[in-house]
Amino acid sequence: MKRIAIGCDHRGFALKEQIMPFLQKARHSYQDFGCYNTAPVDYPDIAQKVGKAVASGNFNQGILICHTGIGMSIAANKINSVRAALCHNAIAAQRARAHNDANVLCLRAENIDPKSALEIVKTFLATDFEGGRHIQRVNKIKALEIGND
């Protein structure tokens, strides 16, 4: 069981509402950091909340959803200790976790069916970091954060 921080902007609201029951059924606990309806919001505000929650260590991983997933990914990656990955399929989700130790999954709400989105989430949450040769690379990513508070 993992503790998941989840959030979306107004364009990702419907997909988030489909992911949360999946998390519950999979016996993951989660906290919804917004938004809570389809009224327009600024995605960086939500990315900051979820990113900081994951960076704090209070959550194992995060999930962010916006129209294309790009804005959430850019914003979340500004937070030290966050490695957010925009994944369009399960293979990308598996590689993001196994090779990059990604801790925040970013999803697009546009042109993705819920079944595919849930498969991406399932894969992301089920995949462990491989370590090994990838540790050096992840450490180089972490080194880019120094002095970036």
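The values are calculated or read from the model by the stated rules, or taken from the named source; none is laboratory data. The model shown is predicted, which means the values in this text are computed figures rather than measured ones. FYI the Cβ positions are ideal-geometry reconstructions off the backbone, even for glycines, and counts take in every protein chain you see.
The residues listed here are 31, 61, 48; of these, the one that is over 20 Å from residue 119 (Cβ atoms) and buried (at least 16 other Cβ atoms within 10 Å of the Cβ) is 48.
Identify, from the list 24, 48, the residue that is in a helix (DSSP H, G or I), more than 11 Å from residue 63 (Cβ to Cβ), touching a residue at least 12 places away in the same chain (Cβ under 8 Å) and polar (S, T, N, Q). First the steps, then the outcome.
Working: 24 fails: touching a residue at least 12 places away in the same chain (Cβ under 8 Å).
Residue meeting the stated conditions: 48.
Among the residues in region 100-123, are any of a type in the set (A, V, I, L, M), free of Cβ contacts under 8 Å to residues at least 60 places away in the same chain and surrounded by fewer than 23 Cβ atoms within 10 Å (Cβ to Cβ)? Within region 100-123, not a single residue is of a type in the set (A, V, I, L, M), free of Cβ contacts under 8 Å to residues at least 60 places away in the same chain and surrounded by fewer than 23 Cβ atoms within 10 Å (Cβ to Cβ). Of all residues in region 83-99, those being crowded, with 24+ Cβ neighbours inside 10 Å and either over 12 Å from the mean Cα position of the chain (by Cα) or assigned to a loop (DSSP other than H, G, I, E, B) (or both) number 1. Residues that are in a helix (DSSP H, G or I), at pLDDT 95 or above, within 15 Å of residue 5 (Cα to Cα) and small (Gly, Ala, Ser) do occur in region 65-78.
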